[in-house]
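Read the structure below first, then the notes.
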Protein chains: 2
Amino acid sequence: MDPRIRQHAEILVDHSTDVQAGDNVLVRAPAVAEDLAVAVFERLGDRGANPSLAMRSPRADRAFLRATDEEDFELHGHELAEMEETDVVIIVKGTRNAAETSDVPPEKTAAMARANSAVSEERMGKRWVGTQFPASGEAQLAEMSTEAYEDFVYGAVNKDWEAQRTHQEQMVAILDPADEVRVVSGDATDLRMSVDGMKTVNDYGEKNLPGGEVFTAPVPDSVEGEVLFDKPLVRNGREIEDVYLKFEDGEVVDHRAAKNEEVLTGVLETDEGARRLGELGIGMNRDIDRFTYNMLFDEKMGDTVHLAIGKAIRETVPEGQPYNESATHLDMIVDMSEDSYIEVDGEIVQRDGTFRFEDGFEG
Amino acid sequence: MDPRIRQHAEILVDHSTDVQAGDNVLVRAPAVAEDLAVAVFERLGDRGANPSLAMRSPRADRAFLRATDEEDFELHGHELAEMEETDVVIIVKGTRNAAETSDVPPEKTAAMARANSAVSEERMGKRWVGTQFPASGEAQLAEMSTEAYEDFVYGAVNKDWEAQRTHQEQMVAILDPADEVRVVSGDATDLRMSVDGMKTVNDYGEKNLPGGEVFTAPVPDSVEGEVLFDKPLVRNGREIEDVYLKFEDGEVVDHRAAKNEEVLTGVLETDEGARRLGELGIGMNRDIDRFTYNMLFDEKMGDTVHLAIGKAIRETVPEGQPYNESATHLDMIVDMSEDSYIEVDGEIVQRDGTFRFEDGFEG
């Protein structure tokens, strides 16, 4: 077995979820990722845990969803019962064909999401992590050979997360006490928002592996200005290109996209909260050096800022602060590598992708 | 997809487990059998059921078992919780390497069995079926090409089970009311036993797919005589050849094997019940025409009788009849195709593999 797979497994079990002796651990992995499941089971054995394996098969899900009537699967009671008794959940993504569910009617996908919502909600209360196995489907999506994609994934995943935590702590120290944030890139993006009273979270590979971002929540009504998201964005298997949004009093008042604009419009029309920002994130994983059409990696890339319309992340909004509620959460990315800067309370903290606390910074 | 896989799935869902709308269905399948899982999910969608998929990975089990301390996994609480909420369980076997767990210490395997016993016990109260996917590992074990093994498996599995039930009913009608059964083959086998008061079960593809046997329980103390099991037998990955047993008053008083006799001795020494017979089965699936070192198929073969030392099957022993209790159950097969007969209450009911109710029978 590729030794990097064992290293990946150790980080998942030891660092991300801190598995203890006696823990019930549920490992969700697709068939293509069996090698990682094997390595994770080995590590769980070392730790004295009680593992079980739940295979995810997008092919099986597709077959079921096309065959079933939408109303017939409102609750997965047995999956919920298992989740309730689980202490730790390790979720592995990976597919041989990223378009495997492309011919499932969207209303079926939505019904499946509803059926799973109680299980997902329960999972949120556990120690959990989501990660990626370098399968051929995601390699193809990234327009990379499988071998080059393996190098990319393990480069981003198998790193010194304690050093990453320390590095990112410098940005948390800037953003957490801040009031106003301004993001400027080229002529098209100039966006201001308040993060006053919100909490900045340091993501160093716990719930997401790879981690590598710091994120917080904008005050919903405070967002003003324009933004052009010039980086890849895929929603339900369809790519939305060059999303442009204009905000007034925190609300999207104008929007455009160069391709699949109707998908964007659909997201914005989900509910009230879908027209406001729920997240401001700053990518800081320097080992992610290219876009792969996979948000788990793309949003962590150095030199980027991402903003999400819709639902805020609970832990970033302290009790008493305004929480942006929504049924959707769509991350979108701005490239900050050239002709760009981030300003916090009037001071430039990043220019052209280089942070104030990094070598080569030119304020 | 091979259309025989969809047919297999339909039989599992419709015939074996009679899945109804709203049933929670747990599908346990190894990664290699993903095609069958896909077809089963499709059929479960047709029936309006709620499926979930639990991957079995012998590679992951091996890694876990070699790494863990034996005492550390006494209960799989989350698997048990899931099983309790499940209505139907579909268990698929299949491997790329039948020797995958050959380097796991036996005491670890036993500890795993103990850890799973509560889950297995719970499963017995559900509608469940065990079946085989024609994977390369089992094909190799059978010394067959994968394609020839596929033909063999689908021949045995995808058949008219209602016709099979009717065919076997003729043997049930003979055996169920009977008292004495005598099995004679060549010079080495002449065994007598009583089945008085016991229940004969007709297996036509419900809990086992393929099915194709009728089976009952001998009265434990009644077994007298000698038997040579001249057909393949594998226990914990080791082949035991030419097992010879001599019974007096129901108990094994002499035993030999041409190969791995110590494995046989170990089984016989498990407990008191391990030295008595727990099952008499008569194979009646004519589409199983060769031995494949896989008891799910071998014991159903036409022209064979199988006997198990150890634990009796609960449904064959009515309330008030003597039940042979044991921690073990080892099936062994006698070839009845030549120079052999089965006698029931003094009348020959099968000679050289042909039943009294079949063409070509010569009493």
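Every read-out reported here was derived from the displayed coordinates using simple, explicitly stated rules and does not represent laboratory data. Keep in mind that what you see is a predicted model, and the values were worked out from it rather than measured. Glycine gets a Cβ as well: all are built from the backbone with ideal geometry, and neighbour counts include every protein chain shown.
Some values worked out for this structure:
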| quantity | calculated |
| --- | --- |
| In sequence order, calculated HN-Hα J values of segment A:250-263 (Karplus, 6.51, -1.76, 1.60; Hz; x Gly/Pro) | x, 10, 5, 10, 8, 8, 8, 8, 6, 8, 6, 4, 5, 5 |
| 3J(HN,Hα) from dihedral phi, segment B:342-358, Karplus parametrisation 6.51/-1.76/1.60, rounded to Hz, x for glycine, proline | 10, 10, 10, 6, x, 10, 6, 10, 8, 10, 6, x, 9, 6, 4, 9, 10 |
| Residue with peak Gaussian network fluctuation, chain B [Cα springs, cutoff 10 Å], from B:Gly137, B:Gly266, B:Gly205 | B:Gly266 |
| Segment A:330-344 versus segment A:292-320: alpha-carbon centroid distance in Å | 13 |
| Antiparallel bridges, percent of DSSP beta bridges restricted to chain A (to nearest 5) | 70 |
| In nm, spacing of pseudo-spin labels at B:Asp221 and A:His15 (7 Å Cα→C-beta vector) | 6.8 |
| Beta bridges by DSSP in the protein assembly as shown, antiparallel share as percent, to the nearest 5 | 70 |
| Among beta bridges that DSSP assigns inside segment B:289-362, antiparallel share in %, nearest 5 | 100 |
| Cα centroid separation, segment B:148-198 to segment B:1-47 (Å) | 28 |
| Amide H within-cut-off set for B:Asn24, under 5 Å, with H built and near neighbours excluded | B:Asn50, B:Asp87, B:Val88 |
| Among A:Ser222, A:Ser337, A:Ser102: highest mean-square fluctuation, GNM of chain A, C-alpha pairs under 10 Å | A:Ser102 |
| Simple Cβ-charge dipole of segment B:162-355, Lys/Arg +1 and Asp/Glu -1, about Cα centre, in debye nearest 20 | 580 |
| Under 5 Å, built H, 5+ apart or other chain: amide partners of A:Val349 | A:Ile342, A:Glu343, A:Val344 |
| HN-Hα J in Hz across segment A:7-23 - Karplus 6.51, -1.76, 1.60, θ = phi - 60°, x for Gly and Pro | 5, 4, 4, 4, 5, 4, 7, 8, 7, 5, 10, 6, 5, 10, 4, x, 4 |
| Full-extension gain in nm, B:Asp103 to B:Thr146, via 0.36 nm per residue minus C-alpha separation | 13.0 nm |
| Charge dipole (segment B:162-355, unit charges on Cβ, about Cα centre) - positive-most of B:Ile342, B:Thr316, B:Val219 | B:Thr316 |
| Where labels lie 7 Å past Cα in the beta-carbon direction, separation of A:Asp339 and A:Asp179 in nm | 3.2 |
| Span from the segment A:112-144 Cα centroid across to the segment A:228-290 one, whole angstrom | 20 |
| Amide H within-cut-off set for B:Ala54, under 5 Å, with H built and near neighbours excluded | A:Met55, B:Val27, B:Arg28, B:Ala29 |
